[in-house]
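The values are calculated or read from the model by the stated rules, or taken from the named source; none is laboratory data. In this text, all values refer to a predicted model and were calculated from it rather than measured experimentally. Glycine also receives a Cβ, built like all others from the backbone with ideal geometry; neighbour counts cover every protein chain displayed.
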Amino acid sequence: MLKLGYMSGTDARLLTKLAAAGVETVPLGNGWDNHGIYVGHINKGDGIGAVVGYFHKFIPVKGSSLAPADLGKACLVNKIPLFILADKADHGQAKKVLGDMGPNVKLVDPEDAAAEIQALAK
């Protein structure tokens with residue numbers, strides 16, 4: 001069974017669909033939203049097999065010393081796939097803002113998210 005870490009604001013319909021398919025969901029936070037475990041602290045021991053969240057959750061607040069890659073670093077180090085949700089039309093701009101976050105990061109249109117994540121669970 002896949003254990004999916006999800007950032008605050010992830011579509012409840014997506015999470016429900018995944019839960020119905022046997023995916024376990026665990027709340028994660030970005031350090032500003034007080035939602036679940038801080039994404040930067042996850043490790044292999046947490047058993048999280050993938051992380052999903054909307055694009056804006058990986059953009060640090062102005063004045064922060066963090067970069068988007070810092071919020072995704074635990075996923076990179078632990079080889080956890082990270083699905084960042086953004087409308088397909090916004091992928092070009094999102095890539096510019098995110099910069100290089102590593103090979104395990106995938107921009108996904110919200111409409112395609114369930115299929116992308118379920119593919120990992122098989």
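Just to be sure I understand, how many residues within region 30-48 are in a loop (DSSP other than H, G, I, E, B) and either acidic (Asp, Glu) or surrounded by 14 or more Cβ atoms within 10 Å (Cβ to Cβ) (or both)?
Adding up the residues that qualify gives 7.
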Q: Go through the residues of region 88-95 one by one and say whether even a single one is part of a helix (DSSP H, G or I), aliphatic (A, V, I, L, M) and surrounded by fewer than 15 Cβ atoms within 10 Å (Cβ to Cβ).
A: yes
Q | Qualifying residues in region 62-79 (those that are surrounded by 12 or more Cβ atoms within 10 Å (Cβ to Cβ) and charged (D, E, K, R)) - the one farthest from Lys106 (Cα to Cα) | A | Asp70
Q.
closer than 23 Å to Val26 by Cβ, touching a strand residue (DSSP E or B) at 6+ places or on another chain (Cβ under 9 Å), of a type in the set (Val, Ile, Thr) and crowded, with 16+ Cβ neighbours inside 10 Å: is that true of Ile59 in this structure?
A. no
Q. For Leu4, are the conditions met, namely being of a type in the set (A, V, I, L, M), under 12 Å from Ile117 (Cβ atoms), touching a Leu at 6+ places or on another chain (Cβ under 7 Å) and at pLDDT 90 or above?
A. yes
Q) In this structure, does Tyr38 turn out to be free of Cβ contacts under 8 Å to residues at least 40 places away in the same chain and among the aromatic types (Phe, Trp, Tyr)? A) yes
Q. Can you tell me how many residues in region 105-122 are of a type in the set (D, E, K, R) and assigned to a strand (DSSP E or B)?
A. 1
Q: Pick out the one residue from Gly102, Gly53, Gly63, Gly72 that is under 16 Å from Tyr6 (Cα atoms), not in a helix (DSSP H, G or I) and not aliphatic (A, V, I, L, M).
A: Gly53
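For (1) more than 19 Å from Ala115 (Cα to Cα); (2) of a type in the set (Phe, Trp, Tyr); (3) out of contact with any helix residue (DSSP H, G or I) (no Cβ under 6 Å at 6 or more places or on another chain), each residue gets a yes or a no:
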{"site": "Glu24", "(1), (2), (3)": "no, no, yes"}
{"site": "Asp33", "(1), (2), (3)": "yes, no, yes"}
{"site": "Gly45", "(1), (2), (3)": "yes, no, yes"}
{"site": "Val51", "(1), (2), (3)": "no, no, no"}
{"site": "Ser64", "(1), (2), (3)": "yes, no, yes"}
{"site": "Ala67", "(1), (2), (3)": "yes, no, yes"}
{"site": "Leu82", "(1), (2), (3)": "no, no, no"}
{"site": "Asp87", "(1), (2), (3)": "no, no, yes"}
{"site": "Lys96", "(1), (2), (3)": "yes, no, yes"}
